[in-house]
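What follows is a single structure, written as C-alpha cells, with notes after it.
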Amino acid sequence: MEQPVPIKEVKILETAEDIQERREQVLNRYLEFKAAARLRREKLEDSRRYQYFRRDADELESWIHEKLQAASDENYKDPTNLQAKIQKHQAFEAEVAAHSNAIVVLDNTGMEMINQEHFQKLSIRQRLDELHRLWELLLSKLAEKGMRLQQALVLVQFLRQCDEVMFWINDKETFVTTEEFGHDLEHVEVLQRKFDEFQKDMASQEFRVSDVCETA
C-alpha cells in the first residue's frame with residue numbers, strides 16, 4: 001500500500017516585510033543565475049573563437065612546413081632544365097605571396113583576442129610568434145633558392161659561352177699557326193685575302209670573349 005506523500009510545510013508570510021524580503025531573495029538569486037549564464041555563454045564563445053583560431057593556425061603551420069620542404073630542395077645543383085625550374089619557382093613564389101593574407105587574418109584575430117584579455121592569450125601570443133618565425137624562414141628559403149637558381153643559370157650560360165669561344169679558337173688555330181706564308185705573289189695574295197676574312201670573323205667573335213670576361 002502506497003504511503004501518503006508528506007505535505008511540505010509552507011512558511012506563512014505574515015507581514016509586508018516578509019513578502020518584500022522573499023521577493024528580494026528571488027530577484028537576487030535570479031540575477032546571480034542570469035549573470036552566471038551570461039558568463040558561461042561568454043566563456044563558450046571565447047572557447048569557440050580560440051578553437052577556430054587554433055584550427056586555422058594548425059592549417060597554416062602545416063602548409064608552411066610543406067612549402068619549406070619544397071623551398072629547401074636543392075634541385076639547382078642539377079643544371080638540366082634550369083629555365084623550367086626557374087619558371088616553376090616563380091609560380092611557387094606567387095603562390096606563397098597569394099597565401100600571405102592568411103597570416104594577416106590570423107594576426108588580426110589573435111591580437112583582438114589578446115587585447116580582450118582572452119583566457120588563452122599567452123598561448124595565442126606564442127602561436128603567433130611561432131607562425132611568424134616559420135613564415136620568415138619560408139620567405140628566406142624562397143629567396144635563397146631563387147638566387148641559387150639564377151646563379152646556376154648564369155654559370156651554365158658562362159660555360160656554354162666558354163665552350164663556344166674555345167670551339168671557335170680550336171677551329172681556327174690551324175689557320176693561325178700554319179707556317180705557310182706563300183711561295184709566290186699570287187699565293188701570298190690568296191693567303192692575305194683569307195687572313196682578312198679571318199680577321200673579320202675574329203672581330204665578330206670579340207663580343208663572345210667580352211661576355212665571358214664580364215660574366216666571370
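The values are calculated or read from the model by the stated rules, or taken from the named source; none is laboratory data. As the structure is a prediction and not an experimental result, all values here were calculated from the model. When we count neighbours, we look across all protein chains shown, and the Cβ atoms used for this are built from the backbone with ideal geometry, even at glycine. Surface accessibility is based on the protein's heavy atoms, side chains included, excluding ligands, DNA and RNA. Shrake-Rupley method; radii C 1.70, N 1.55, O 1.52, S 1.80 Å.
Screening Leu122, Leu159 for residues that are without any contact (Cβ under 8 Å) to a residue 24 or more places away in the chain and in contact with a Pro (Cβ under 9 Å, 6 or more places away or on another chain) leaves exactly one candidate, Leu159.
Can you pull out every residue in region 15-56 that is of a type in the set (Asp, Glu) and open to solvent by less than 100 Å² (accessible area, probe 1.4 Å)? Talk me through it step by step, then tell me what you get.
Step one: filter region 15-56 for residues of a type in the set (Asp, Glu), giving 17-18, 21, 24, 32, 42, 45-46, 56.
Matches in region 15-56: Asp18, Glu24, Glu42, Glu45, Asp46, Asp56.
Restricting attention to region 116-154, which residues are outside any helix (DSSP H, G or I) and of a type in the set (D, E, K, R)?
From region 116-154, those outside any helix (DSSP H, G or I) are 116-120; that's our starting set.
Glu117 - this is the single residue of region 116-154 that is outside any helix (DSSP H, G or I) and of a type in the set (D, E, K, R).
In region 174-181 there is no residue that is at pLDDT below 80, touching a helix residue (DSSP H, G or I) at 6+ places or on another chain (Cβ under 6 Å), outside any helix (DSSP H, G or I) and loosely packed, with under 14 Cβ neighbours inside 10 Å. May I ask you to verify whether Glu112 is acidic (Asp, Glu), surrounded by fewer than 17 Cβ atoms within 10 Å (Cβ to Cβ) and touching a residue at least 40 places away in the same chain (Cβ under 8 Å)? Criteria not met by Glu112.
Yes/no matrix, rows are residues, columns are (1) without any contact (Cβ under 8 Å) to a residue 12 or more places away in the chain; (2) among the charged types (D, E, K, R); (3) at positive phi:
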{"site": "Asp58", "(1), (2), (3)": "yes, yes, no"}
{"site": "Ala71", "(1), (2), (3)": "no, no, no"}
{"site": "Leu82", "(1), (2), (3)": "no, no, no"}
{"site": "Glu93", "(1), (2), (3)": "no, yes, no"}
{"site": "His99", "(1), (2), (3)": "no, no, no"}
{"site": "Leu106", "(1), (2), (3)": "no, no, no"}
{"site": "Glu117", "(1), (2), (3)": "yes, yes, yes"}
{"site": "Gln126", "(1), (2), (3)": "yes, no, no"}
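Within region 133-142, none of the residues are at pLDDT 85 or above, closer than 16 Å to Glu74 by Cα, within 33 Å of the chain's Cα centre (by Cα) and open to solvent by 80 Å² or more (accessible area, probe 1.4 Å).
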